[in-house]
1. Looking for whichever is out of contact with any Pro (no Cβ under 6 Å at 6 or more places or on another chain), open to solvent by 10 Å² or more (accessible area, probe 1.4 Å) and in contact (Cβ under 8 Å) with a residue 40 or more places away in the chain here; the options are His182, His193. Which one fits?
2. Assess whether Asn83 counts as being at negative phi and touching an Asp or Glu at 6+ places or on another chain (Cβ under 6 Å).
3. Those residues that are among the β-branched types (Val, Ile, Thr) and part of a loop (DSSP other than H, G, I, E, B), I need them from region 227-258; list them, please.
4. Given the condition among the β-branched types (Val, Ile, Thr) and over 18 Å from Arg200 (Cα atoms), answer yes or no: does some residue in region 78-89 qualify?
5. Being open to solvent by 40 Å² or more (accessible area, probe 1.4 Å), assigned to a loop (DSSP other than H, G, I, E, B), more than 15 Å from Asn118 (Cβ to Cβ) and not β-branched (Val, Ile, Thr) is the filter here, so list the residues in region 207-226 that pass it.
6. I need the full set of residues from region 22-48 which are at pLDDT 80 or above and exposed (fewer than 10 other Cβ atoms within 10 Å of the Cβ), in order please.
7. Among the residues of region 59-77, count how many are crowded, with 16+ Cβ neighbours inside 10 Å and either in contact with a strand residue (DSSP E or B) (Cβ under 9 Å, 6 or more places away or on another chain) or free of Cβ contacts under 8 Å to residues at least 60 places away in the same chain (or both).
8. Pairs under 9 Å by beta carbon, first residue within 16 Å of Asp85 (Cα to Cα) in region 136-163, partner among the small types (Gly, Ala, Ser) and in a helix (DSSP H, G or I), six or more apart or different chains?
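The values are calculated or read from the model by the stated rules, or taken from the named source; none is laboratory data. Just so you know, these numbers come straight off a predicted model, no measurement behind them. Glycine gets a Cβ as well: all are built from the backbone with ideal geometry, and neighbour counts include every protein chain shown. These area figures cover heavy atoms from the full protein model, side chains too; ligands, DNA and RNA do not enter into them. Shrake-Rupley method; radii C 1.70, N 1.55, O 1.52, S 1.80 Å.
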Amino acid sequence: APVNIASGGTASFTHPTQWNPATSGTYTIEAWASNNNGNPDQNTSNDKITFQVDVVDTVVTRVTCMEVFTSSTCGPCVPGNQNMDNNVVPNISNYTIVKYQQNFPGAGDPYYTTESVNRRGYYGINSIPRMEIDGQWDKNADSLTTGVFNDYQQQPAFMTIDTTNANYTGTTATINATITPHINYAAGNYRYHVIINEKRTTGNVATNGETQFFHVMMDMIPNETGNAISSLTKGVAIPVTKVQNLSSSNVEEMSDLEVVVLVQDNGDKKILQSAKKDISLAQGIADIDSDSEGIASLYPHPANNNATIKYQVDVAKN
């Protein structure tokens, strides 16, 4: 049907035939104008637009990642942290948080690391406080609202990250996860990051009046550059296995750690999906010693789920 558009104006057009794609996949759509003002188009090179549409059969909830660049020597960081921790976080769901302590102002936060500073450089950030939401927002956390968060969180995701195991023994953390794409992603520079946070710290108090800090980055495995992903193919799972000794990190309590796993497109820095899991003490079974009254044996040892305990007692007859 013809559409009348004023010179320099715009108009919306709905095609009368509904498009029903037969299968999921990537489709190329073309739209063009013809018979302009009742006459043949004299220049057909500029009247067509082509774009691609991805049709998917699986959409999952986005777990939105908030990265905060802050320091306990930064006065303006206080209202940003308080706003995020007190006003926003209690009212949202499906999120991950990583706070990167920085090496300025002054001497910087006692818990800054090379990784936290280089992660700031990755985003080209030269002032704090600063915050990235899924690698895109790039503003002061003081202006974060639940509405701003929800605008990012409601965007569909096409990838699942399942953290199947997160535990520690001594100062060593072991992480197992699976990354599963639900669409075929175009070729690009994708990487996944495995980040160890301490959920609450008190040992990095400095000059800005804050006495505790939350979701503080302790280690990025293997470092801030992350781990390369050769391709993201629909249904092809990417296994993640990381074992890291945290004895040289700033960890205060091994029992207070969490892991964040995220996948990022280094092209536009957009985070495609993230996930988090508390890191718990690895469960084991202690050795059983024999004594003068009997003999005990345990098998198999070590055991994951089930074990048999055999105890023999000598009874004297009178």
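1. Exactly one residue qualifies, and that residue is His182.
2. Spelling it out, Asn83 is indeed at negative phi and touching an Asp or Glu at 6+ places or on another chain (Cβ under 6 Å).
3. Of everything in region 227-258, those that are among the β-branched types (Val, Ile, Thr) and part of a loop (DSSP other than H, G, I, E, B) turn out to be Thr233, Val236, Val251.
4. no
5. Gly209, Gln212
6. Listed by number, the residues that qualify are Thr28, Glu30.
7. 12
8. Note: pairs meeting the criteria are Asn140/Gly80; Ala141/Gly80; Asp142/Gly80; Ser143/Gly80; Leu144/Gly80.
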